[in-house]
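> One structure coming up, written as structure tokens, with questions to follow.
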Amino acid sequence: MLVTITEETSTEISNRINIISQNVASLKAYFDNRSYGDDLRNLYIGVICMSPKFEQFFKPRKPNYKREAEVFLDHGVQVEQEAMSLTYDLKLDYETYLNTPDIKPMLAQDILKSLDTISTIKKIKDFDLNKFKSDFELFFQQNGWL
């Protein structure tokens, strides 16, 4: 399974949230040879943490599930979304993340909670969400986030 997390952040907090980009390769490697069912093979989580003055320009998008591969334009760039893919955004509270000394445990918990989004997609029937969440939590523990 492919799991990746992207980040859109304000400059004031980007150096704190960049722990996501620093761990994307290990996250991909951890889930690379795992399978949780036939209905979801690719998961893209977009983390948004913007200061209030920019928040209006970065609204979380609704979850987007594609059973078939699709090519589309996103901000003028051609993007191909693989079959059996889910993309969703996770909006973080800017002030909380700005004022918390160690954001890793809080970020891990927010990401784990966000995985419940998968259960809201009616087209995803064959997927072991409990096992996936358990493995995700184990990844965070092994990497010192929890």
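The values are calculated or read from the model by the stated rules, or taken from the named source; none is laboratory data. Note that the structure is a prediction, hence the values are computed from the model and not measured. As a convention, Cβ positions derive from the backbone with ideal geometry for all residues, glycine included, and neighbour counts pool all protein chains shown.
> Among residues belonging to the stretch 46-75 that are within 15 Å of the chain's Cα centre (by Cα) and in a strand (DSSP E or B), point out the one that is surrounded by the fewest Cβ atoms within 10 Å (Cβ to Cβ).
Restricting to residues being within 15 Å of the chain's Cα centre (by Cα) and in a strand (DSSP E or B), the top hit is ASN64.
> Out of the residues in the stretch 21-45 that are of a type in the set (A, V, I, L, M) and surrounded by 13 or more Cβ atoms within 10 Å (Cβ to Cβ), state the one that is nearest to ASP89 (Cα to Cα).
If we take residues in the stretch 21-45 being of a type in the set (A, V, I, L, M) and surrounded by 13 or more Cβ atoms within 10 Å (Cβ to Cβ), then ILE45 is nearest to ASP89 (Cα to Cα).
> Are any of the residues in the stretch 120-130 closer than 18 Å to THR4 by Cβ, touching a Gly at 6+ places or on another chain (Cβ under 8 Å) and of a type outside the set (Val, Ile, Thr)?
Yes - at least one qualifying residue is present in the stretch 120-130.
> In the stretch 1-20, which residues are touching a Lys or Arg at 6+ places or on another chain (Cβ under 9 Å), closer than 24 Å to GLU68 by Cβ and surrounded by fewer than 18 Cβ atoms within 10 Å (Cβ to Cβ)?
Hits for the stretch 1-20 are LEU2, THR4.
> Of the conditions (1) within 25 Å of GLU12 (Cα to Cα); (2) modelled with pLDDT under 90; (3) among the aromatic types (Phe, Trp, Tyr), PHE72 clears all except one; give me its number.
Single failed check for PHE72: (1).
> Taking the stretch 1-32, which residues are out of contact with any strand residue (DSSP E or B) (no Cβ under 9 Å at 6 or more places or on another chain) and either part of a loop (DSSP other than H, G, I, E, B) or of a type in the set (D, E, K, R) (or both)?
GLU12
> Let me ask something else. If you check ASP102 against the conditions, is it loosely packed, with under 15 Cβ neighbours inside 10 Å, in contact (Cβ under 8 Å) with a residue 24 or more places away in the chain and part of a loop (DSSP other than H, G, I, E, B)?
no
> Still on this structure, I have one more. Condition check: more than 15 Å from the chain's Cα centre (by Cα), crowded, with 17+ Cβ neighbours inside 10 Å, of a type in the set (A, V, I, L, M, F, W, C) and under 12 Å from MET1 (Cα atoms). Does MET84 satisfy that?
The answer is yes for MET84.
> Of the residues in the stretch 105-139, how many are part of a helix (DSSP H, G or I) and more than 15 Å from the chain's Cα centre (by Cα)?
Selection size over the stretch 105-139: 6.
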